[in-house]
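Read-outs: derived from the displayed coordinates by stated rules, not from any lab. The shown structure was predicted, so the numbers you read here are calculated from the model rather than taken from an experiment. A quick note on method: Cβ atoms are made from the backbone with ideal geometry, for glycine too, and the neighbour counts reach across all protein chains shown.
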Amino acid sequence: MGVGNYNNETRQHDYDEYIMEGEWYLSEDGTLYILPMYGDEILGPADENKRTLTRHYIDNDLDVEYLRDKHGLSNVPTILKRFSPQDGYYTA
């Protein structure tokens, strides 16, 4: 299941280039977290991984190796980023 801003009027997810160009991370269980290129709201479930990403995002300290090794979060390469109006943002 994808994440993103759902528009109740159109009954679809809204596309945002800043989200597509942001930093995407997957947890070991496949949960997706997205740090938009601009803005301060991280997309993803409200859990410990999101709190960890928020701390590192606010401190301007997104060390991909640290996040992977200490928190089991891996960076999603651009080629695997996907969007559909029905599903929102997801990975291939």
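Over segment 6-91, what is the relative contact order in percent, taking alpha-carbon pairs closer than 8 angstrom and at least six residues apart? Worked out over segment 6-91, it gives 32 percent.
Tell me, in nm to one decimal, what length is gained between residue 21 and residue 82 on full extension, where the rule is 0.36 nm per residue of separation less the Cα-Cα distance?
20.8 nm is the gain from fully extending residue 21 to residue 82.
Sort largest first and round to whole Å: the equivalent ellipsoid semi-axes of the chain, each the square root of five times a Cα gyration tensor eigenvalue. In descending order the semi-axes read 22, 14, 12 Å. The C-alpha atoms of the chain define a longest principal axis, and helix 48-58 lies at about 80 degrees to it.
Among the GluC sites (Glu not before Pro) within segment 40-92, those in coil by DSSP and having at most 13 neighbouring Cβ atoms inside 10 Å are 41.
Note that segment 71-78 has calculated 3J(HN,Hα) couplings of 10, x, 9, 10, 6, 8, x, 3 Hz, one per residue in order, obtained from phi through the Karplus relation 6.51 cos²θ - 1.76 cosθ + 1.60 (θ = phi - 60°); glycine and proline are x. For residue 13, the residues whose modelled amide H falls within less than 5 Å of its own, excluding neighbours fewer than 5 places apart on the same chain, are 7, 86, 88.
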